């Protein structure tokens, strides 16, 4: 990642960051078929790329709150990628923050309406080592929170012939591709 001396992105270019995340979605998530439901929503233009300038957890929670309210009002938004390049860059802090996202869903009475999935450049599943290639299924160019509609997710899951096999297929694919190629795929998402 490219940081200035403060650890923050200098002159945050929301368009560029959004485009880099879109490249990741197209080349990694859709291109490798890590999520069999992503392509349909991307083709329909129902994925919202929201880049926040939040530089602290409180502001990020406020921005998440606003994105959840927007998704409630606008049914054309199927899913939102809330990209937060200036906060929660360290994975374990990010992972701890997910408890607050669940609490926000409860406070807003949106449990069962939305869920928040997690993607991070240093994502690490429990029981894995930081360099294990399996972690790349949830690695992204920037830290982000993925807001999903529960009803749509349930419908997609019910219509999939073998939903329980997706995680194992993804892990197997990651092992076939290997960590070096995955690093290159992620690096190629950046525009400069």
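For the reader, a short list of remarks on this structure follows.
- Residue-normalised convex hull volume from the C-alpha trace of segment 41-97: 84 Å³ per residue.
- Gyration tensor verdict on segment 65-140 (Cα atoms; rounded if a/c is under 1.5, prolate if a/b is larger than b/c, oblate otherwise): prolate
- Compared with the direct C-alpha span, the chain from residue 46 to residue 164 gains 40.0 nm at full extension, assuming 0.36 nm per residue.
- GNM result for the chain, Cα springs below 10 Å: residue of 138, 170, 56 fluctuating most strongly: 56
- The stretch between residue 90 and residue 129, if pulled fully straight at 0.36 nm per residue, gains 12.5 nm over its current Cα-Cα span.
- Sorted fewest first by neighbouring Cβ atoms within 10 angstrom, 87, 99 come out as 99, 87.
- Listed by Cβ neighbour count within 10 Å, with the fewest neighbours leading, 172, 139, 187, 46 appear as 187, 172, 46, 139.
- With contacts taken as Cα pairs under 8 Å and at least 6 residues apart, segment 14-187 reaches a relative contact order of 23 percent.
- Rounded, prolate or oblate (a/c below 1.5 giving rounded, otherwise prolate when a/b exceeds b/c) for segment 22-116 by Cα gyration tensor: oblate
- Cα gyration tensor shape of the chain, rounded if a/c is under 1.5, else prolate or oblate by comparing a/b with b/c: rounded
- Per-residue ellipticity at 222 nm computed for the chain from its helices equals -13000 deg cm²/dmol, with DSSP H segments shorter than 4 residues left out and the rest contributing -39,500 (n - 2.57).
Each reported figure results from applying straightforward, stated rules to the coordinates on display, with no laboratory input. These figures come from a predicted structure and were not determined experimentally. Positions of Cβ are generated from backbone atoms using ideal geometry, with glycine treated the same way; all protein chains shown enter the neighbour counts.
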